[in-house]
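> Okay, here's the structure, questions in a sec.
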Amino acid sequence: MAKKKAAADEAAPRLTDPKLLEILVCPITHGPLVYDKAGQELISKKAGLAFPIRQGVPIMLEDEARKLEEK
């Protein structure tokens, strides 16, 4: 039963600290980021990248970021 609870905890998104979100900037452009709560991503419109947030921790690596689709 402990394994099921641990797996559920890993799958559930954790709340990211709002203060942390205020000070983070894009590692490529040093520009602002937009928090996408539903997608659990930090969006850099200038770089065209979406940085994932995993278990409440923003992953600010270009290699881990998703490229945004052009409109």
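The values are calculated or read from the model by the stated rules, or taken from the named source; none is laboratory data. Treat the numbers as computed from the prediction; the structure is a model and nothing was measured. So basically every Cβ, Gly included, is an ideal-geometry build from the backbone, and we count neighbours across all protein chains shown.
> Consider Gly31 against the criteria (1) surrounded by 13 or more Cβ atoms within 10 Å (Cβ to Cβ); (2) modelled with pLDDT of 95 or more; (3) not in a strand (DSSP E or B): it satisfies all of them except one. Which criterion is unmet?
(1)
> Quickly run through the stretch 44-71 and pick out the residues that are at pLDDT 95 or above, more than 8 Å from the chain's Cα centre (by Cα) and farther than 13 Å from Pro27 by Cβ.
Lys45, Gly48, Arg66, Lys67, Leu68
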